[in-house]
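As structure tokens, the structure follows; a few thoughts come after it.
The values are calculated or read from the model by the stated rules, or taken from the named source; none is laboratory data. This structure is a prediction, so every number in the text was calculated from the model and none was measured. Backbone-built Cβ (ideal geometry, glycine too); neighbour counts: all protein chains shown. Keep in mind that these areas ignore ligands, DNA and RNA; they rest on the heavy atoms of the full protein, side chains included. Shrake-Rupley method; radii C 1.70, N 1.55, O 1.52, S 1.80 Å.
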Amino acid sequence: MRKCFALSIALHLPSRLCIQAIVSSIDCLISIIGASNMALTSSPALIDIQNNEMFIKEDQNDMRFRTRINKIKVGRIELGDVTPHNIKLLRRLNQVIFPVSYNDKFYKDVLEAGELAKLAYYNDIVVGAVCCRIDTSENSRRLYIMTLGCLAPYRRLGIGSEMVEHVLQIVEKDGSLDSIFLHVQVNNEGAIDFYKRFGFEIVETKEHYYKRIEPADAHVLQKTLRISQSLKSNGEQ
């Protein structure tokens, strides 16, 4: 079946540019899209290049102009429940995305996690997942992100951000959580920078946290939501 592709393009061109220049700019955009080997889908969609701006530069009658294309979005991102019918998809995703393995208890707990566990769909294809749990250790109530990941070909499309936003909505609705935290391998600079954009900070480094992978150390990244009871007690003493 032939795939359809919907484009939403905002062109801001000087009035003196002729129709041929507009056509040339569109042809240039099509060439860029084709060169990137992007898969076209049948879903109504917009092309997205994150929050970046793309500029097409050309010469016309010795004048330089640029065509600005804002927020071109590709694909539709949705989050769905983890159920006994698709739990095997989650297991397979984790095997591909993460260097560590998760036991049967992990997946049993995920099935009981409700909104704390979601599969991420890109144009109806499962490409990622987020799994969390409530942690009540250290005299505080925190949300622990056990896993949050996306298949490599689908990264930088806003899927990870969608999953983090879901987590933030959960804690906002709950209203009684002190913080959100997770562990990240110390050499995973991409993930560390990603979480920092959402207000997470490195609060601790655990040596030999991981088994059978190198480096074995992990940073603890945390986003503080409110001062925990334990910290309040320490401050009063």
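Look at residue 156 and say whether it is open to solvent by 80 Å² or more (accessible area, probe 1.4 Å) and part of a strand (DSSP E or B). Before you say what the answer is, go through the steps one by one.
Values: open to solvent by 80 Å² or more (accessible area, probe 1.4 Å): yes; part of a strand (DSSP E or B): no.
When the stated conditions are applied, residue 156 does not pass them.
Got a number for residues in segment 213-225 being free of Cβ contacts under 8 Å to residues at least 40 places away in the same chain and open to solvent by less than 70 Å² (accessible area, probe 1.4 Å)?
First, the residues of segment 213-225 that are free of Cβ contacts under 8 Å to residues at least 40 places away in the same chain: 214-220.
Subsequent filtering for residues that are open to solvent by less than 70 Å² (accessible area, probe 1.4 Å) retains 215-220.
Counting residues in segment 213-225 that are free of Cβ contacts under 8 Å to residues at least 40 places away in the same chain and open to solvent by less than 70 Å² (accessible area, probe 1.4 Å) gives 6.
I'd like to check something: does segment 164-182 contain any residue that is assigned to a loop (DSSP other than H, G, I, E, B), at pLDDT below 95 and crowded, with 16+ Cβ neighbours inside 10 Å?
Taking every residue of segment 164-182 in turn, none turns out to be assigned to a loop (DSSP other than H, G, I, E, B), at pLDDT below 95 and crowded, with 16+ Cβ neighbours inside 10 Å.
For segment 142-151, state whether one or more residues are touching an Asp or Glu at 6+ places or on another chain (Cβ under 7 Å), touching a residue at least 40 places away in the same chain (Cβ under 8 Å) and within 17 Å of residue 190 (Cβ to Cβ).
Taking every residue of segment 142-151 in turn, none turns out to be touching an Asp or Glu at 6+ places or on another chain (Cβ under 7 Å), touching a residue at least 40 places away in the same chain (Cβ under 8 Å) and within 17 Å of residue 190 (Cβ to Cβ).
With respect to the numbered conditions (1) open to solvent by 40 Å² or more (accessible area, probe 1.4 Å); (2) part of a helix (DSSP H, G or I); (3) closer than 18 Å to residue 86 by Cβ, which one is the sole condition not fulfilled by residue 193?
Of the numbered conditions (1) open to solvent by 40 Å² or more (accessible area, probe 1.4 Å); (2) part of a helix (DSSP H, G or I); (3) closer than 18 Å to residue 86 by Cβ, the odd one out for residue 193 is (3).
I'd like to verify a number: residues in segment 196-212 that are over 24 Å from the mean Cα position of the chain (by Cα) and either surrounded by fewer than 13 Cβ atoms within 10 Å (Cβ to Cβ) or more than 22 Å from residue 102 (Cβ to Cβ) (or both), how many?
Total satisfying the criteria: 4.
Name the residues in segment 100-129 that are open to solvent by less than 70 Å² (accessible area, probe 1.4 Å) and of a type in the set (Gly, Ala, Ser), would you?
Scanning segment 100-129 gives 113, 114, 117, 120, 128, 129.
I'm trying to understand the selection: among the residues of segment 100-147, which are in a helix (DSSP H, G or I) and either within 21 Å of the chain's Cα centre (by Cα) or basic (Lys, Arg) (or both)? Working first, answer last.
Let us first name the residues in segment 100-147 that are in a helix (DSSP H, G or I), namely 104-111, 114-116.
Within segment 100-147, 105, 108, 110, 114, 115, 116 qualify.
Pull out all pairs, ordered by first then second residue, where Cβ-Cβ is under 8 Å, the residues are six or more apart or on different chains, the first lies in segment 95-118 and is under 27 Å from residue 216 (Cβ atoms) and at pLDDT 95 or above, and the second is of a type outside the set (Asp, Glu) and part of a loop (DSSP other than H, G, I, E, B).
95/101; 96/151; 97/151; 110/82; 117/82
Mind checking which residues of segment 213-237 are more than 20 Å from residue 140 (Cβ to Cβ) and either at pLDDT below 90 or of a type in the set (Val, Ile, Thr) (or both)?
Correct list: 213 only.
Mind listing whichever residues of segment 80-97 are more than 14 Å from residue 128 (Cβ to Cβ) and β-branched (Val, Ile, Thr)? Steps first, answer last, please.
Step one: list which residues in segment 80-97 are more than 14 Å from residue 128 (Cβ to Cβ), which gives 81, 83-85, 87-88.
Across segment 80-97, the qualifying residues are 83, 87.
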